[in-house]
Amino acid sequence: MPISNADAAFSAATYRKVAWRLIPFLFICYILAYLDRVNVGFAKLGMKIEPWFSDAVFATGSGIFFIGYFLFEVPGNIMLHRVGARLWIARIMIGWGVVSALMATCTSPVSFYTMRFILGIAEAGFFPGIILYLTYWFPREHRARMVALFMTAIALAGVFGSPLSGWLLATAHDWFGLKAWQWLFIIEGLPSVIVGCTVPFLLTDRPSQATWLTIDEKRMLQGRLDVDEEAKASEGHQNHSALDAFKSPQVWLCSLIYFGIVVGIYGASFWLPQIVKNTFSKNEWIVGLYSAIPWGCAAVGMVLVSRNSDRTGERRWHVGISALVAAAAFVISGLPGVPPVGVMVALAIAITGVMSAAACFWALPTAILSGTAAAAGIALINSLGNLAGYVSPEMVAWLKNRYDMSMALNGIAAMLVLSAVAVILGRTGTVSRKT
């Protein structure tokens, strides 16, 4: 049924109001979350002086985070659905901030593995919780762009976090008797605790509870969400319980697709500083500046791709083509004889492609899941997909040590091709946007 110009204008203004109220704060939270998760890639450059540390220890410690993350992801997201986002996200942020800062106490491989495992437990439920939270506010025709705006935090964590990490490694030697890599963990961990304490006061669980919305705005938002749920039912996506999510073939297919995408994300996140150091400069501060370039390109590119996905209502090809472009660029970046500028351009395209695929991807499962099934299904997809965070460092380290970094980048590309084929040929339950 067509809507009037006045209704369309009111709807657009309301969604802008909601987006400006929620997305910037969620964006800041995710910058802190992602920075605390991957700053070990920079800390590695300083930790190499420790007699107990090695590339093998780094790969295992980087990946073991995702084991703890995997084990507590689904129950964590179900808890968020039951108790509300405000309290649960605050608990997660304060917990991971404390654990991240305590990474500075590591003195052996065992303590390093233990703290990374606990960090995974502490952060479990944050990302899928936010994806679920966005479904409480935005119907599916808005979700790719909202998720992309939220996920640009990954890119900007690289833009701002890389120079900060590089600067700390270059300047924080022997501050109060601590080493630079220890200060990196402390200084980048404590802001999560501070921001986490503000979450209960700055987030609103549902539109009906928002004192900053008018009655008409609340009614319009809820009405659009109700229409979305009716559309899912009419398309045969009647998944409401946690068990429904586990029984859905589409959820398992989405998990496979996301697994390959996450291999690309963490392949870039954990190893980009090392690639830049080997290609451009041994100075940590310069490494940080150069590492920010690909993430800056990704921040712009992923928003443009996801906006086009929302405009057209098409999801699968946006995810698949983005993944294929990223795969090709990863291969090119590792070819012998490519000049440094060519390596940087290829890495920028690769990271933009993989982040665009990730942003558009989350419009797929949220279009087919409802209620507790949405909480469990989103968490299951994210937890299984993020096991790639364990596989990716181990795979890259093994290929790098057995062959070279070029072969490691080819391995990342192969996983992205697998995801592209799965999303293009598989049945992910997407439908075209209705007019």
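Would you confirm whether any residue within the range 6-18 is out of contact with any Pro (no Cβ under 9 Å at 6 or more places or on another chain), surrounded by 16 or more Cβ atoms within 10 Å (Cβ to Cβ) and under 27 Å from Ala292 (Cα atoms)?
Scanning the range 6-18, I find no residue that is out of contact with any Pro (no Cβ under 9 Å at 6 or more places or on another chain), surrounded by 16 or more Cβ atoms within 10 Å (Cβ to Cβ) and under 27 Å from Ala292 (Cα atoms), so the answer is no.
Of all residues in the range 24-59, count the ones that are among the hydroxyl-bearing types (Ser, Thr, Tyr) and either more than 14 Å from Tyr266 (Cβ to Cβ) or at pLDDT 85 or above (or both).
2
Specify which of the listed residues (Ser241, Ser248, Ser234, Ser269) is out of contact with any helix residue (DSSP H, G or I) (no Cβ under 6 Å at 6 or more places or on another chain) and modelled with pLDDT under 75.
Ser234
Of everything in the range 211-223 that's in contact (Cβ under 8 Å) with a residue 24 or more places away in the chain and surrounded by 12 or more Cβ atoms within 10 Å (Cβ to Cβ), which residue is nearest to the chain's Cα centre (by Cα)?
For the range 211-223, the residue satisfying everything is Leu221.
I need every pair where a residue in the range 298-326 that is under 8 Å from Thr352 (Cβ atoms) has its Cβ under 8 Å from the Cβ of a residue that is at pLDDT below 90 and hydroxyl-bearing (Ser, Thr, Tyr), sequence separation at least 6 or different chains.
Listed pairs, sorted by first residue: Ala298/Thr152; Met302/Thr152.
If you take the residues of the range 98-124 that are closer than 21 Å to Ser383 by Cβ and over 17 Å from the mean Cα position of the chain (by Cα), which of them is surrounded by the fewest Cβ atoms within 10 Å (Cβ to Cβ)?
Here the residue is Thr114.
The values are calculated or read from the model by the stated rules, or taken from the named source; none is laboratory data. Given the structure is predicted, the values throughout are model-derived calculations rather than measurements. We place every Cβ from the backbone using ideal geometry, glycine too, and count neighbours over all the protein chains shown.
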